[in-house]
Amino acid sequence: MHMKKLWGTAFLLLFTFLATGQKLRPALNLTKGNTYTLILKQTTTTNQTIRERPLETRLILSAKMSFTVTDVQDTLYTVKAKYDSVSLQMDMPNGNLQFSSEHADTANLYSKVLAKLKALPFRLILTRTGKVAAANEAEKNLTEITNTLQVSAAQREQAFKQLQSSLGGNAIVDLLGKLIYIFPPSTINKTDKWVLTNNVDSEIPLMVHNFYFVKNTTLTDITIRGNGTAQTNLTNDTVQLNGMPVKRNLAGNTTSTITINKRNGWPKTAEVTQNLKGNIIVTDNPKLPGGLAIPVAISTTLTVITP
């Protein structure tokens, strides 16, 4: 009887060791010919104080996207991405605007552009760790569609710029990067942490450092938690905004909880937040002699539910 207890204790210790020492390799394991989907919503709230006057705006992007794997080579996936539906909502102090790909029959200029985007897929290159290559074709599609609009050149330019910040190539890379550029470069233990650094070349260029770890695993899913920092690069060149030279000095934090399919690594649910605070600095120029520092806070929340 005593020997049986010893064997039972030894077996329990071995089982515990195997369970705690189990190795994981979360990564994208996509299959050629398969289509993966994302249903996402991104809300960006911007609060500015201009000459002691508070100003809040909100931009909401909602989309259903499909990603079909057309080629697999070594650690790279070639993917044909497209919008199944896409809408934008802009809440501003002087009113709200809504555009949707499902309302192309209206006179709304932006809705017509969004509807045409549905018919134009664009190519992406993804790595097993989720790194997203530049989505140049997304930018090209947006350019081609806005160039065909039967409006003035100024209106076409305005439509392109307005939509580029949410649907242009850099915006798509940033959006997908928040969801799938989360994987460790090699096999890990369940208790390991890993760090990923990303240069985000979106409307506001950022350097993002994220620390990730596995929060939970089941037979079918892995939940990955992340937290980190984000900061603008002060060496970036001054950009033009409303015809005036502008620099951005912003910093903040990021948090994420992403549950992925254990087999293929594709996101099932996600919530990613980013909070930035700082100043938009309008440098000295003829339109605004002496310049102006505008306090700003930008909060972005990205949620995903994949069917």
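The values are calculated or read from the model by the stated rules, or taken from the named source; none is laboratory data. Every value quoted in this text rests on a predicted model; they were computed, and no experiment measured them. Because the Cβ atoms are built from the backbone with ideal geometry, glycine has one as well, and the counts that use them run over all protein chains shown. Surface areas here come from the heavy atoms of the whole protein model, side chains and all, with no ligands, DNA or RNA. Shrake-Rupley method; radii C 1.70, N 1.55, O 1.52, S 1.80 Å.
Figures for the structure shown
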item	result
Selected residue (only one of 124, 142 is of a type outside the set (Asp, Glu), in a helix (DSSP H, G or I) and either under 14 Å from the mean Cα position of the chain (by Cα) or buried (at least 20 other Cβ atoms within 10 Å of the Cβ) (or both))	142
The listed residue being closer than 29 Å to residue 248 by Cβ and touching a Phe, Trp or Tyr at 6+ places or on another chain (Cβ under 6 Å), out of 88, 59, 55	88
Check on residue 105, surrounded by fewer than 17 Cβ atoms within 10 Å (Cβ to Cβ) and modelled with pLDDT of 95 or more	no
Some residue of segment 158-176 being over 21 Å from residue 303 (Cα atoms) and open to solvent by less than 60 Å² (accessible area, probe 1.4 Å)	yes
Verdict on residue 66 being in a strand (DSSP E or B) and either over 19 Å from residue 181 (Cα atoms) or in contact with a strand residue (DSSP E or B) (Cβ under 7 Å, 6 or more places away or on another chain) (or both)	yes
Selection count, segment 250-296, where residues are more than 30 Å from residue 154 (Cα to Cα) and in a strand (DSSP E or B)	24
Residue in segment 184-195 that is part of a loop (DSSP other than H, G, I, E, B) and open to solvent by less than 20 Å² (accessible area, probe 1.4 Å) present	yes
Whichever residue in segment 28-63 is in a strand (DSSP E or B) and without any contact (Cβ under 8 Å) to a residue 12 or more places away in the chain and, among such residues, is most open to solvent (accessible area, probe 1.4 Å)	53
Among the residues listed as 262, 215, the single one being touching an Asp or Glu at 6+ places or on another chain (Cβ under 6 Å) and closer than 30 Å to residue 188 by Cβ	262
Hits in segment 292-305 (condition: open to solvent by 20 Å² or more (accessible area, probe 1.4 Å) and either over 25 Å from residue 230 (Cβ atoms) or not hydroxyl-bearing (Ser, Thr, Tyr) (or both))	292, 293, 295, 297, 298, 305
Pick from segment 216-271, criterion of a type in the set (A, V, I, L, M, F, W, C) and open to solvent by 70 Å² or more (accessible area, probe 1.4 Å), ranking: farthest from residue 193 (Cα to Cα)	241
Condition met for residue 128 (at pLDDT 95 or above and either out of contact with any Cys (no Cβ under 8 Å at 6 or more places or on another chain) or farther than 28 Å from residue 240 by Cβ (or both))	no
Some residue of segment 151-161 being part of a loop (DSSP other than H, G, I, E, B) and either modelled with pLDDT under 90 or hydrophobic (A, V, I, L, M, F, W, C) (or both)	yes
Of the criteria (1) part of a loop (DSSP other than H, G, I, E, B); (2) at pLDDT 95 or above, which one residue 229 fails	(1)
Any chance residue 112 is under 20 Å from the mean Cα position of the chain (by Cα) and not aliphatic (A, V, I, L, M)	no
Long-range neighbours under 6 Å by Cβ, at least six apart or interchain, first residue touching a residue at least 40 places away in the same chain (Cβ under 8 Å) within segment 80-94, second assigned to a loop (DSSP other than H, G, I, E, B)	80/121; 82/121; 86/101
